[in-house]
Every structure is written in structure tokens, then in C-alpha cells.
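First comes the structure, then the notes that go with it.
Only the coordinates and a few stated rules stand behind these numbers; no lab work does. In this text the structure is predicted, and so the values were computed from the model without any measurement. Please note: Cβ atoms are built from the backbone with ideal geometry, for glycine as well, and neighbour counts cover all protein chains shown.
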Amino acid sequence: MRSVADRREAAPPVSLIDDPVARARQVRRAWAFLSVATVIALLLCSAVGGAAYWYRGHATAPQSARVDVVQGDRAFIRGVNQKNWNAVPPAAQGPPTYLHEGESLQTGDGTHVFLTLWDGSTVDVFERSQVQVAEMRATQYISRAKTLTINQTRGLVRVSPVTLAPGDFSRSRFQVVAGPATVLMKEGSETTGGGGTFLVEVTLDPDGESIAAVRASVRRGAGVVRAAGQEVRLAADEQTIVAAGSPPSAPAVARRDLVANGAFTPAAEGAKDRFTSWRDISTPGQVDGSSGRLIPVRESIDGQEVDALECSRSMDSTDAAITGLRQVLDAPVTELGALELTADVKVFDQNVAGGGVVGSEFPLIVRVNYRDETGAQKNRIWGFYVDPAPSGAIPPNPSLVKAYQVKPGEWAKLQVSLRDLTPQPVRLESIDGYASGHGYRARVTKLAIVGTE
């Protein structure tokens, strides 16, 4: 006979059907599991949908730029991961040439290349320049964003983005990275209609290997220049200069001062040249062999003390000689809308009246040597004298732009536009300040060529 305990152990288990509390608990667990699974599924679907939408809106594709050589014949392209440069063929010799992302472009003497981007924006690459298109992209499915990044190692480029905002592209980034400096064109606004133009000029050290300075200027729109952890914002017609290892300078009026040391301040003792940035081009007379003298002097103009250069030669001299200085400029000027030459000149005496026999012997001459758009070398002179020619007229000289008769011992001002020259200069090679003739004495200071963009 079984005990009560044995009968209790042998009792069948209670079914969930017979236990409403357990059944309710199990149902709640099932619904909780289904709810969590549904939420996870919804989150996954949302993530996939969001990722697809983000990809559709942000996925980019590389673009290209058409290459047009508008001047010269020394344009070269180097492909990605290539060492050799390939010449850009003239447009008349085949289909258009295109520059792609990752490729580099180089221009030689007298060559100007015009790049037209896929969106209508343009990039001018002037002579003796080298750039690499590091990034040139636009969104692939929705026209919302575009990016252009140019790495510039030398020379001068002008970037002109179009339709930054509003328009098909709501986000745009156009920038030039030049050594330590990054130049970024800010987006336009609905009031300006977007777009703009900025220039970047890279100057190399004398060794031609490292960057000495970067000059960035904005012609239209606004820009940002970053270097050495600092940032400068530029408005239209402003510029900044980034020297190697330095932050950007404060914004200033956009201009290019092409002549250094126009006051002819003497160099430090022991320097190669007596006058900083200038070299002597004097020649002695061919008969008595005497040379003129280059003398640094202190002068006063309108009550202001200035340095000046005196060119003199004995008034007893009877043969021709040149006494003066030259500065190599080597400056492309195609992009400069205005180009002004100025100087202060004082003539004391001369023993060859007027401009001599052929209109080339003046006691003070300013000469500009340049190349025109054909690559031909040209020079133009402005002469100053105190004694008129016996005939009353200066003999014709194809290089002479104008001769000025000035009062002895009084300062006179030279102020002319080089844009009035024919043919137009595209590159300034050098500038000279000198005296020519037999005997003379004259002074010059504040010799400058200023270009505005």
C-alpha cells in the first residue's frame, strides 16, 4: 500500500491550459519578443532606407575638365602614377583634351591654359605653373554638392566657380592647396547669385624647389585662407600673403607690387650687389674709358625723406656711356586689369642736348623689357632731359614712348599705364633705371610697377 508521499510524487504535472497565471505569463513573453523583433526590424529597415537615401544624396563621381591652350604651345599633362609628361596637342589636330581627377598640368614659357569644368566653372593656368587636380567630383544621383581641390606647386592660377548657391548645387567647395596655405572660395548667397573669382600665386625660393610665399586674392565673392593654424577671411578686392612657416597676413587691398626696393636702398656691407634686388648694367665710354657713378643719396619729396639713386658722369666726358641698374621681374601680367608704372625723377645737367642723335641718350631713362603675346621681346623707354634738342624735336626712336623736358633740379613724376603699350605685355622680364649719354647727373626714386586684378 503506497504512502501519501508516494501518491503525491506520482501526481501528473499541472498543464498550462489548466494554469491561467502561467499561460498569461507565456503570452506576455511572446508579445514582448514579437514587439522587440518588430522594433529591430523597423530600425533595420530605417537604417537601410536612410543609408540608401544618404548614399543617393552623397555618393560622388569623378568629373573632368576640358583643356584649351589659349596661348603658347608648351602645355603638358601627366597621368596618375606616371612619371612622364605628355604634350597637349593643338585643338585643330584632334578631339578635345580632358584633364581628369589625379592628373597634373604644367605650362611653360608663354603658355596659358584655360580649363572648363563640367559645371561651367573655369580655371586659368598661366605660364610657368604646375597644378594637380586632387579632387574633382559631384554627387552622382542628386545634384546637390560639388568639390574641386587643386594642389598648386608653382606659378599662378585663377579659379572662377559658378553657381555656388542657389542653383542645382546647394553645397560647393572650391579650394587651392599651395604648400602651407589652403585657399577656399566661400559659397555664394541668394543675393549675390553665387560664383566668384580668386587667384593664387606661388613664389619659389631662389633654388626653385621650395615655396617662399603664397599670395591669395579675391576679385569677386569672398574667400578664406588658412595657414599655420590661423585663418583670414577675404572680401572682394582683398589679398593676403602667406610666407613660408607663417600665418596669413592681414587682409589688404589686392595688388601686385612687381618692383622691389624701388627707392634703391643700399644693400648690407658685403652683399653681392650694392643695391638690394638690383644689378649694375653700367658700361664705360669707348674713347676715354671713364665710367659713371651710382651714388645712394638721401632726398626730400614733399617734405618726406626718401632714399634715391644718383647716376652721374663727368660733364667733361666726350663719349657715350651708360650708368644704371636693372631688376629682373620675370612676372606674368596677363591677368592684371591695370598695370601702372610710376617714378620720381630729378635731372640736374647733361652735355648731350635732348635725346642725342637717335633719341636714346637721356640723362635719365626708365626702360621696361617685356614679352608680348607672340613671345617676341620688346622694350619701351621714357626719357627725361633738361636741355632741348637743337632742332627742337627729339629724334624718332621706335622704343621711345615719350620724352619729358623737366626743370633742372626739380622733381618730376612719371605715371603711365603699361596697358597703353602696343603690343601689350604678357610677361615683364625686367626694368631699368639708368642714364645714357656723355656727361650727366640725375636722380630717381620710388620706381614701381603696380598691378591690380
Row for segment 60-254, column shape: gyration tensor on C-alpha, a ≥ b ≥ c, rounded if a/c < 1.5 i.e. under 1.5, prolate if a/b over b/c, else oblate; value oblate
Select from Ala228, Val113, Val157 the residue farthest towards the positive end of the dipole of segment 60-254; place +1 on Cβ of Lys and Arg, -1 on Cβ of Asp and Glu, and compute about the Cα centre. Ala228
DSSP beta bridges in the chain: the antiparallel percent, rounded to 5, is 90
So I have [x] 42.3; [y] 37.0; [z] 20.0, and one of them is mean projected area of the Cα convex hull in nm² calculated from this model. Which one is it? [x]
Rounded to the nearest 20 debye, dipole of segment 279-452 from Cβ charges on Lys, Arg, Asp, Glu: 140
I need to check one value: relative contact order of the chain, counting alpha carbon pairs closer than 8 Å and at least 6 residues apart, in percent. 11
What order, most packed first, do the peptides 300-309, 242-251, 174-183, 34-43 have when packing is the mean number of other Cβ atoms within 10 Å of each residue? 174-183, 242-251, 300-309, 34-43
Can you compute the helix-only [θ] at 222 nm over the chain? Use -39500 (n - 2.57) per DSSP H run of at least 4 residues, normalise by all residues, nearest 500 deg cm²/dmol. -3500 deg cm²/dmol
I want to check a number: in the chain, how many lysine pairs have alpha carbons closer than 28 Å, given a sequence separation of 8 or more or different chains? 15
Please state the charge dipole magnitude for the chain, taken about the Cα centre, from unit charges on C-beta atoms (+1 on K and R, -1 on D and E), reported in debye and rounded to the nearest 20. 2220
Could you tell me the distance between the Cα centroids of segment 323-355 and segment 430-448, to the nearest Å? 8
Could you work out how far helix 20-58 tilts from the main Cα principal axis of the chain, as a 0 to 90 degree angle to the nearest 10? 20
